[in-house]
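For reference, the structure discussed in these notes is given below.
The values are calculated or read from the model by the stated rules, or taken from the named source; none is laboratory data. Please read these numbers as outputs of a predicted model, since none were measured by experiment. Heads up, the Cβs are rebuilt from the backbone with ideal geometry, glycines too, and the neighbour counts pull from every protein chain shown. Note: areas computed on protein heavy atoms with side chains; ligands, DNA, RNA excluded. Shrake-Rupley method; radii C 1.70, N 1.55, O 1.52, S 1.80 Å.
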Amino acid sequence: MTNPPAKHRVVIVGAGFGGLEAAFGLAGAPVEITLIDRRNHHLFQPLLYQVATASLATSEIAWPIRYLLRDRKEVTTLFATVTGIEAKDKRVLLEDGDAMAYDTLVLATGARHAYFGHDEWEPFAPGLKTLEDATTLRRRILVAFERAERESDPEKRAAPLTFVIIGAGPTGVELAGTIAELAQDTLPPDFRNVDTHKARVVLIEAGPRVLAGFADDLSAYAQRSLESIGVEVMLGEPVTECTADGVTYGGKRLDAKTIIWAAGVRASRAAEWLGAPADRAGRLEVLPDLTVPGHPDIFAVGDTVTIAAPDGNPVPGIAPAAKQEGRYVAQVIKARLNGATVGPFSYKHAGSLAQIGKRKAVIDFGRIKLRGTLAWWIWGIAHIYFLIGLRHRLSVALSWLWVYVRDQRAARLITQGSSKVTG
Ligand SMILES: Cc1cc2nc3c(=O)[nH]c(=O)nc-3n(C[C@H](O)[C@H](O)[C@H](O)COP(=O)(O)OP(=O)(O)OC[C@H]3O[C@@H](n4cnc5c(N)ncnc54)[C@H](O)[C@@H]3O)c2cc1C
């Protein structure tokens, strides 16, 4: 008796938007897939700021990876961290010393925070990328109000009640708007000594406008909307220092106990693992079929790569782009196994969306631009649509209904750490 021919082994590193979509796209192909991620969950990062601001619970925006692939018997999920690649021997190296052999490798390891050469700022100005980041920020924000409540000297309340967000892209704008609403609408009845309306939310941006990726009129609308709910917007003011007690920007000093970094990202180490060409943000420069130059059996997708869109601009680092790339790579792998070929990857931009406050959002579909309440409804429906599964959709919709109707943010939980609020 002869053994059946071994199946083609596909290893996918990263079960974010790109990696998961590649695994979904390979359904039915004659392959054995190993999906490796250092987290046991797939995370819907676009709504992370809602966990950080106590609107949603962690389990509403994340799914166990094993559960998502439970019906796919050819997929093995590994909870492990990749630390390198031996391309010559076609092996992925794991942190615990193990190695995983592949015939085709898909790298979908995303991006991380970048502090523009000032990594020492990270402890004072944490960023938002993981569920742990979100619950840490939530703790910092809620503890700041607790600190202010315990402070008897009104002058000393100013620093705990000052929230600084650095970077006015979609995440910075969404955080600033939601923290302002938390202070203005949700928290006031819960506190006795402190008037949470007095909280300052300061959004600092080095560039000339908020939401730089959107059309000018939408950025201007976003700025006006933020200011109407009390956010102080500082433009053209690069931050030059972050400490435990505040920030320095544009030569000015601002005392603040909560500083949040939403200013920059850097690709994962995928390019370093392969010694492959990368841009200044560390993104792998891939070929039009999303393979790594010199490695036809290694694909890379999502935030860890750079490639030009049909308009000549780089494909943006957003979830739909990562998903399109993951889907495309699955097509190429299937075609190759059938001895066929597929044309080059071509990105299709569906639009950009950002929420500003409870009833305000901006949407840039190119020729169609929307703002205000209608945009907010479309933003909400689109995000609910992109969540996986009915339970998550219903749960998020219900949480948002409560915020919309009653200004209640149910996830106001201080976890991780003691009740020490002074210092
Ligand atoms: C706060 C925030 C808000 C955002 N808002 C939006 C938005 O509103 N709309 C939008 O379209 N996009 C948004 N994005 C961007 C979007 O989330 C990314 O573009 C998208 O997640 C990229 O997908 P990816 O598959 O490349 O990476 P990711 O989704 O980040 O997935 C990478 C995966 O790789 C795993 N991994 C990394 N390194 C290793 C390793 N060494 N070993 C094993 N596993 C590893 C990670 O654990 C992760 O699961 C936002 C991002 C953030 C951080």
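Annotations for the structure displayed:
- In the range 37-53, the residues that are within 18 Å of Leu142 (Cβ to Cβ) form Cβ pairs under 7 Å with partners that are near the ligand (Cβ under 6 Å from one of its atoms) and assigned to a loop (DSSP other than H, G, I, E, B), at six or more places apart or across chains, as follows: Leu48/Leu128; Tyr49/Leu128; Ala52/Leu128.
- Every residue from the range 315-373 that is in a loop (DSSP other than H, G, I, E, B), open to solvent by 70 Å² or more (accessible area, probe 1.4 Å) and not small (Gly, Ala, Ser): Asn338, Thr341, Pro344, Lys348, His349, Arg359, Phe365, Arg367, Ile368
- Filter result for Ala134 (among the hydrophobic types (A, V, I, L, M, F, W, C), within 15 Å of the ligand (Cβ to nearest atom) and closer than 18 Å to Gly417 by Cβ): yes
- In the range 271-305, the residues that are within 12 Å of the ligand (Cβ to nearest atom) and under 21 Å from the mean Cα position of the chain (by Cα): Arg283, Leu284, Ala300, Val301, Gly302, Asp303, Thr304, Val305
- Filter pass, Arg72 being touching a residue at least 12 places away in the same chain (Cβ under 8 Å) and farther than 21 Å from Val396 by Cβ: yes
- Filtered residue count, the range 59-83, keeping only those that are small (Gly, Ala, Ser) and open to solvent by less than 40 Å² (accessible area, probe 1.4 Å): 2
- Filter result for Thr77 (modelled with pLDDT of 95 or more, within 13 Å of the ligand (Cβ to nearest atom) and out of contact with any helix residue (DSSP H, G or I) (no Cβ under 7 Å at 6 or more places or on another chain)): no
- Identity of the residue in the range 98-112, in a loop (DSSP other than H, G, I, E, B) and not aliphatic (A, V, I, L, M), that ends up farthest from the ligand (Cβ to nearest atom): Asp103
- If you go through the range 11-33 and keep only what is small (Gly, Ala, Ser), touching a Gly at 6+ places or on another chain (Cβ under 7 Å) and either free of Cβ contacts under 8 Å to residues at least 24 places away in the same chain or near the ligand (Cβ under 10 Å from one of its atoms) (or both), you end up with Gly14, Gly16, Gly18, Gly19, Ala22.
- Among the residues making up the range 42-58, those that are touching a Lys or Arg at 6+ places or on another chain (Cβ under 8 Å) and either near the ligand (Cβ under 6 Å from one of its atoms) or open to solvent by 10 Å² or more (accessible area, probe 1.4 Å) (or both) are Gln45, Leu48.
- Strands (runs of 3 or more DSSP E) (entirely within the range 195-314) containing at least 3 residues that are touching a strand residue (DSSP E or B) at 6+ places or on another chain (Cβ under 9 Å) and either at pLDDT below 95 or within 30 Å of Val106 (Cβ to Cβ) (or both): 265-267, 295-300
- Qualifying positions in the range 310-342 - within 16 Å of the ligand (Cβ to nearest atom) and not aliphatic (A, V, I, L, M): Asn313, Pro314, Pro316, Gly317, Pro320, Lys323, Gln324, Glu325, Gly326, Arg327, Tyr328
- Residues (assigned to a helix (DSSP H, G or I) and surrounded by fewer than 23 Cβ atoms within 10 Å (Cβ to Cβ)) located in the range 146-180: Glu146, Arg147, Glu149, Arg150, Pro154, Glu155, Lys156, Arg157
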